[in-house]
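Working notes, beginning with the structure itself.
Computed from the coordinates by the stated procedures, all read-outs in this text should not be read as laboratory data. This structure is a prediction, so every number in the text was calculated from the model and none was measured.
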């Protein structure tokens, strides 16, 4: 039973590790009133690495999620601002080997936690109409932005299970982003943020606490034409050490992800986004991969 609880506690790290997303062009503005509807599929597979001192010889997960997103561009005190709403539905499977117990498997599916983001451009992007935005595209300038993302505990959660689609806790990410112009067609984006987490008070009858996770992202963006761009993406993150039932665990997360993103228009006001990233946890030789394809409709 003790080994099973250790296994379950380690699987609680999965959601924190996979949450280190790569988000290029998060602060690139749009004309006031622009709306974007996104429908996509995200697939992740590979090893979710636990604390090597625990009796685990390997974890392998395969998770497929359908994602629905909505973005609205608005005027906030004369600055360009975004409201982003996100909802996912996930279907996954996790396998692990635990000491003398052998292979363990958990299948899970259901609605994920609802997320909402408010982003504001603080410098370089006042509220714009379409003509003013077209001028910015021709002559880009440095942009400074800030955002807060809140994740609500609305997802499917079974209190006697550890691997769940929902996290059963509130979480928030606070971030600053800066866009600098290398050449008219080349942009460099830097994003520094911190995730903070509420407690999960129903973690197998115990309370699970998790420390903050600090992250830094870099995106090298190449613009080809309106709506057509690509980026190379990298991040690094550290933190997230947790405790379960008052016992502190040796599960500090410290590693990075590397990826690429391509967005290309397929018709007027329609576009497709394709992204890939790979990463690992805790400086191990095991890693995971993320594949994303989504359709975007501009209004």
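Observations
- Relative contact order %, the range 166-223, counting alpha carbon pairs below 8 Å whose residues are six or more apart: 36
- Computed over all pairs of different Cα atoms, the Kirkwood value for the hydrodynamic radius of the range 99-258 is 18.8 Å.
- C-alpha center-to-center spacing [the range 113-179, the range 231-254] in angstrom: 21
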